Amino acid sequence: MIRRLVLGLFACAVMASPLSAQSRVELSGFAGWAFSDGVSGEALLAPDDNAVYNRIDPKDNGIYGFSAGFLVTPQVELGFLYSLQSTTLMLGCDDLAACTTSERDLGDFSISTYHGYFAYNFGEEEAPIRPFVLFGLGATSYGDTNIDVLGVDRTIEGQSQFSSTLAGGVKFFFNQHVGARVAARITPTYIKSDAEGYWCDPYWGCYLVGDAQYSNQFELSGGITFRF
């Protein structure tokens, strides 16, 4: 389902590109740093180090990726964006009263994002400086993590989840075809909901209320843009 959505958004961008005689293709590569967080839960005792943890998070680390966009008008851009963060999955604790240690590395871990996006570029088409905002829908894919527990190799299986992404930045064009870009982007991904109790209404009755938890990536990046 998620893969079909991403491919469908990208196909819409491709089909829309001939609508304007001024259409251009922009290809960008970027690299930067991602501040990542995970989710919390019930405090649990790890059997191999007798420590208590209640969080699991990716470590902050470098990120890189690319985007391909079609300017269907001088301002409106449709395209596809991919990024990869190679990092480490770790256990942690944010409740000092319940936990006995701060954090522990589990193993290598990767986060890939795939988003079809809509962007709006401000200013004239040939302007040397063009601020932009971007919104995308797609998926975040968490890779497998191999760990050692009491001498036994185990694997935490990865998963993919629907996600959105929101970015803003500036493109600086040195000439008609080559430029640089800087951007800030946040990608929240829904992971789970924790039950908080029941809400009762005289008409609808009672139902369980949950507290949604998201794994967030906040990215600062720079790169180069080619325009054709």
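Read-outs throughout are calculated quantities, based only on the coordinates presented, and are distinct from any laboratory measurement. This one's a predicted model, so the numbers in the text were calculated from it and none came from an experiment. In this analysis, Cβ positions are derived from the backbone assuming ideal geometry, glycine residues included, and neighbour counts consider all displayed protein chains.
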*With Cβ to Cβ distances under 14 Å as the rule, what net charge do the other residues near L27 carry (K, R +1; D, E -1)?*
+2
*Could you work out how far apart the two model spin labels at T88 and N216 are, taking each label as a point 7 Å from the Cα in the direction of the beta carbon, and quote it in nm?*
2.4
*Find how much the distance from A43 to N146 grows on full extension, using 0.36 nm per residue of separation minus their present alpha carbon separation; answer in nm with one decimal.*
34.9 nm
*asked:* Amide H of D144 versus every other amide H placed in the peptide plane: which residues, excluding those fewer than 5 positions away on the same chain, fall under 5 Å?
replied: G158
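Let's test the formula: R0 of 35 Å, r as the Cβ-Cβ distance of F172 and F35. What FRET efficiency results, to the nearest 0.05?
Computed FRET efficiency for F172 and F35 comes out at 0.90.
Using the number of other C-beta atoms within 10 angstrom as an exposure proxy, rank I56, I129, I224, I111 with the fewest first.
So the residues, fewest neighbours to most, are I129, I224, I56, I111.
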*Give, as a single signed number, the net charge of other residues whose beta carbon lies under 12 Å from the beta carbon of G38, with Lys and Arg counted +1 and Asp and Glu -1.*
-2
